[in-house]
Amino acid sequence: MPAAKFDLGAVPFNPDGWGPLDTTGDNTNVPFAPFSRSDKLGRIADWTRNFNPTRSKNPADSAFDFTSDASFPAFADDDSSFRLVDGKPPPRPKFGPKWRFQRQLQLPQRRDEEVEARKREQEKERARRDRHYQNRSNPSNHRRELFKSSVDIQPEWNMHEQIPFSTFTKLSFSVSEPEDLLLCGALEGYDRTYDRIAPKSERRLERFKNRNFFKVTTTDDPVIRRLANEDKATVFATDAILATLMCAPRSVYSWDIVVQRVGNKLFFDKRDGSQLDLLSVHETSQEPLPEAKDDINSAHSLSVEASYINQNFSQQVLIRDGKKETFEEPNPFANEGEEVASVGYRYRRWKLDNDMYLVARCEVHSVVELNNQRSFLTLNALNEFDPKYTGVDWRQKLETQRGAVLATELKNNANKLAKWTAQALLASADMMKLGYVSRIHPRDHFNHVILGVVGYKPKDFAAQINLNPSNMWGIVKSIVDLCMKLNEGKYVLVKDPTKPQVRIYEVPGDAFENDYVEEPIPEEEQVQPQSEGADDADGVDAAASGTNDGEDKKIEGQA
C-alpha cells in the first residue's frame with residue numbers, strides 16, 4: 001500500500017533578508033480584526049469571565065465560548081455546538097450539608113410565656129454582649145464609678161507589701177474553739193410567724209427611726225480598750241473587719257482597713273464613713289449598674305438602701321413585747337434611757353499561736369428557745385430592686401423556685417453572703433435568717449415588702465457556698481503575721497480597685513483624722529474617750545487617737 005502523500009504547500013522564500021516577503025498569497029479565508037499593540041489577536045480560553053456553573057442555566061456560558069466575540073463571526077455557529085468538558089453542575093446529594101440546614105416550613109408556634117421568656121433572655125444576653133464589647137473596646141468608661149479606690153492614695157504614702165488574691169486561696173489554718181470573755185447588750189425573741197410569709201401574703205417593711213444602730217470601730221470600743229489594758233490578747237478587731245479579710249478573694253469593689261501597731265499589740269480599725277458600714281449590692285454580677293450616683297439603682301444608692309433595709313428587717317421580725325434577754329453588761333455604746341436596737345455583743349478570744357491571741361467583738365441579733373436551750377440568731381435581708389437586672393422575679397419564683405432565686409443571689413452577691421456567713425460563724429450563731437425584701441414598685445426605693453424568710457445553719461450554708469473556715473483563718477493568720485513584722489505606726493490595707501490584690505501602705509500618724517463625716521460634731525462638744533486602768537494604757541490611747549476622737553458613732557435606722 002503506497003504511503004500517503006503529505007503536501008506541505010508553497011513556502012515563500014525571501015532571498016533579500018529575514019522575514020516574510022512584502023507580498024503574500026491569498027488570505028481571504030483567514031479571519032482578521034483591526035487591533036493595536038495592547039489588543040489580543042485571539043483567545044484559546046477566557047478565564048476572566050465570571051462563570052458560575054451552579055447558577056448559570058445557559059450551556060453556552062463557558063470559558064471556551066467565543067460566539068459573542070466579533071473577531072470570529074464565521075465560526076460562531078460551529079463553536080456553539082462544540083464543548084471540551086461537561087459544564088453541568090455535579091448532582092447535589094439528597095442528604096448534604098445544604099439540605100440539613102435548609103429552612104423548613106414549620107407550624108406556627110404558640111406565643112406562650114415560655115416562648116416570650118426565651119425571647120427576653122436572648123435579647124438580654126445580646127444586650128449584655130454588646131455592653132461587654134463596648135466596655136472592652138473602651139476600658140476607660142467601664143464602671144468608672146465603681147472601679148476607684150475607696151481611699152485616696154497620697155503620694156507620700158510608702159507601699160510595703162502587695163499581696164495577690166491567688167496566694168490567699170492556698171492558705172489554711174485551724175483554730176480551736178473560742179472562749180467568751182464577755183457578753184453585752186440585750187436581745188429580743190424571734191417572731192416565728194415570719195417563717196410562714198409567702199409572696200401572696202407579703203408584709204410591709206416597717207421603719208424604726210427611734211432605735212439606734214451602732215457601728216463602732218475597734219479602738220473606740222471601751223470594752224476592747226479595757227481588754228487590751230488587761231493584756232487579754234495581742235490582736236483586736238470586730239467581726240465585720242475580720243469577715244472582710246476572710247472573704248477578700250470574693251470582693252470586687254475597693255475597701256480599706258486601718259492597721260495600727262502599738263507596742264506588741266495590733267489593732268484593725270475602719271475609717272469613719274468607711275464602705276464597711278454599707279452593704280454592697282450586685283458586687284459580683286456581670287451586669288453593670290448605672291454610673292450616675294444620683295440614680296436610685298446606682299451602686300452607692302443601692303448600698304444605702306440595702307443597709308437601711310437590713311437594719312429595719314432585723315428589728316421587725318422580733319417579738320416586741322418589752323421582754324428582753326439581758327447579758328452581763330448593758331450595751332456599751334448606749335446612753336442612759338436611750339432606745340437601742342436588739343443586739344448582743346460577744347467578745348470572743350481565739351488562739352492564733354503559742355503567745356498570740358485574737359479578740360473580736362461579734363454580733364448576734366435575736367434569741368429563740370429550741371429544745372429548752374437558748375439559740376442565737378443573726379438576721380440579714382437580701383433586697384430586690386429591679387427584676388430586669390437579675391432576670392428572676394421574686395414574686396413569681398420565690399415560692400416555687402426558691403433554689404433558683406438563691407443561686408442568682410449567690411452569683412450576684414457572693415461577697416456579701418460570704419461575709420454574713422463568716423460573721424455568723426465567728427459569733428457561733430445557731431441559725432442565720434435570710435429575708436427576701438423587694439420594692440413595692442421598681443422605681444420606688446422608699447417602700448418595701450417582705451416576701452419570705454428562710455433559715456440556714458451557718459456551717460451548712462458555708463459548705464453550700466464553698467466557704468472554708470480553715471482558709472478564712474489562714475488569710476487572717478497570714479495578714480496578722482505580716483503586720484507583726486512591721487514597725488510601730490499606722491498602716492492601711494487597701495483592696496486594689498481593678499486588680500484582685502491588696503496593698504499595705506504606711507501612712508502618717510494623723511492620717512484620716514480630718515476626713516469628712518456626714519454629721520460632724522463641734523470640737524467643744526466632743527467627748528474624749530476615758531482610759532481604763534493606770535498609766536500602762538497609753539498604748540491603747542495612742543491607737544484610739546488614730547481614729548475618730550469623738551463619741552461612739554451611731555447610725556439611726558431611717559430610710
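Select the strands (runs of 3 or more DSSP E) contained entirely in the stretch 455-559, then report the ones holding at least 2 residues which are farther than 30 Å from N331 by Cα and at pLDDT 50 or above.
Result: 489-495, 501-507.
S166: surrounded by 11 or more Cβ atoms within 10 Å (Cβ to Cβ) and polar (S, T, N, Q), yes or no?
Numbers: surrounded by 11 or more Cβ atoms within 10 Å (Cβ to Cβ): no; polar (S, T, N, Q): yes.
No: the conditions fail for S166.
For the stretch 283-294, enumerate the residues that are among the charged types (D, E, K, R) and surrounded by fewer than 14 Cβ atoms within 10 Å (Cβ to Cβ). Lay out the reasoning, then the answer.
As a first pass, look at the stretch 283-294 and keep what is among the charged types (D, E, K, R): 283, 287, 291, 293-294.
If the condition is that a residue be among the charged types (D, E, K, R) and surrounded by fewer than 14 Cβ atoms within 10 Å (Cβ to Cβ), then K293, D294 are the ones that fit.
Determine which single condition S172 fails, assuming it passes every other condition in (1) outside any loop (DSSP other than H, G, I, E, B); (2) touching a Gly at 6+ places or on another chain (Cβ under 9 Å).
S172 satisfies all of (1) outside any loop (DSSP other than H, G, I, E, B); (2) touching a Gly at 6+ places or on another chain (Cβ under 9 Å) except (1).
For D220, are the conditions met, namely being assigned to a loop (DSSP other than H, G, I, E, B) and at positive phi?
Numbers: assigned to a loop (DSSP other than H, G, I, E, B): yes; at positive phi: no.
Criteria not met by D220.
Name every residue in the stretch 248-289 that is within 18 Å of K215 (Cβ to Cβ) and among the charged types (D, E, K, R), in order of residue number.
Selection gives D256, D269, K270, R271, D272, D277.
Which condition from (1) surrounded by 17 or more Cβ atoms within 10 Å (Cβ to Cβ); (2) more than 30 Å from A299 (Cα to Cα) is the one that A414 breaks?
Answer for A414: the failing condition is (2).
Can you tell me how many residues in the stretch 392-411 are of a type in the set (S, T, Y) and either surrounded by 14 or more Cβ atoms within 10 Å (Cβ to Cβ) or touching a helix residue (DSSP H, G or I) at 6+ places or on another chain (Cβ under 9 Å) (or both)?
Applying the first criterion (of a type in the set (S, T, Y)) to the stretch 392-411 yields 400, 408.
Subset that is either surrounded by 14 or more Cβ atoms within 10 Å (Cβ to Cβ) or touching a helix residue (DSSP H, G or I) at 6+ places or on another chain (Cβ under 9 Å) (or both): 408.
Summing the residues that are of a type in the set (S, T, Y) and either surrounded by 14 or more Cβ atoms within 10 Å (Cβ to Cβ) or touching a helix residue (DSSP H, G or I) at 6+ places or on another chain (Cβ under 9 Å) (or both) in the stretch 392-411 gives 1.
Checking Y389 against (1) open to solvent by 30 Å² or more (accessible area, probe 1.4 Å); (2) among the aromatic types (F, W, Y); (3) in a strand (DSSP E or B): exactly one of these is not met. Which one?
(3)
Residues in the stretch 348-362: is at least one without any contact (Cβ under 8 Å) to a residue 24 or more places away in the chain and over 23 Å from K419 (Cα atoms)? I'd like the intermediate steps shown before the answer.
Let us first name the residues in the stretch 348-362 that are without any contact (Cβ under 8 Å) to a residue 24 or more places away in the chain, namely 353-354.
This time we only want the ones that are over 23 Å from K419 (Cα atoms), so: 353-354.
Scanning the stretch 348-362 turns up at least one residue that is without any contact (Cβ under 8 Å) to a residue 24 or more places away in the chain and over 23 Å from K419 (Cα atoms).
Are there any pairs with C-beta distances below 7 angstrom linking a residue in the stretch 430-458 that is in contact (Cβ under 8 Å) with a residue 40 or more places away in the chain and open to solvent by less than 50 Å² (accessible area, probe 1.4 Å) to a residue that is of a type in the set (S, T, Y) and assigned to a loop (DSSP other than H, G, I, E, B), with the two at least 6 apart or on different chains, and if so which?
none
When you go through (1) among the charged types (D, E, K, R); (2) exposed (fewer than 15 other Cβ atoms within 10 Å of the Cβ); (3) part of a loop (DSSP other than H, G, I, E, B) one by one for R207, which number turns out not to apply?
(2) is the only condition that R207 fails.
Filter the stretch 284-323 down to residues that are out of contact with any helix residue (DSSP H, G or I) (no Cβ under 8 Å at 6 or more places or on another chain) and more than 20 Å from R207 (Cα to Cα), then give me how many there are.
Going through the stretch 284-323 one residue at a time, the tally reaches 7.
Scan the stretch 459-468 residue by residue and report those that are open to solvent by less than 60 Å² (accessible area, probe 1.4 Å) and out of contact with any strand residue (DSSP E or B) (no Cβ under 8 Å at 6 or more places or on another chain). Don't jump to the end; show me each part of the working.
Step one: of the stretch 459-468, the residues open to solvent by less than 60 Å² (accessible area, probe 1.4 Å) are 461-462, 465, 467.
Of everything in the stretch 459-468, those that are open to solvent by less than 60 Å² (accessible area, probe 1.4 Å) and out of contact with any strand residue (DSSP E or B) (no Cβ under 8 Å at 6 or more places or on another chain) turn out to be A462, I465, L467.
Quick one: is A240 among the aliphatic types (A, V, I, L, M) and either open to solvent by 50 Å² or more (accessible area, probe 1.4 Å) or more than 21 Å from the chain's Cα centre (by Cα) (or both)? Don't jump to the end; show me each part of the working.
Working: among the aliphatic types (A, V, I, L, M): yes; either open to solvent by 50 Å² or more (accessible area, probe 1.4 Å) or more than 21 Å from the chain's Cα centre (by Cα) (or both): no.
Considered against the rule, which asks whether it is among the aliphatic types (A, V, I, L, M) and either open to solvent by 50 Å² or more (accessible area, probe 1.4 Å) or more than 21 Å from the chain's Cα centre (by Cα) (or both), A240 comes out as no.
Scan the stretch 311-370 residue by residue and report those that are in a helix (DSSP H, G or I) and among the polar types (S, T, N, Q).
Within the stretch 311-370, Q311, N312, S314, Q315, Q316 meet the criteria.
The values are calculated or read from the model by the stated rules, or taken from the named source; none is laboratory data. In this text the structure is predicted, and so the values were computed from the model without any measurement. Positions of Cβ are backbone-derived with ideal geometry, glycine not excepted, and every protein chain shown enters the neighbour counts. Surface accessibility is based on the protein's heavy atoms, side chains included, excluding ligands, DNA and RNA. Shrake-Rupley method; radii C 1.70, N 1.55, O 1.52, S 1.80 Å.
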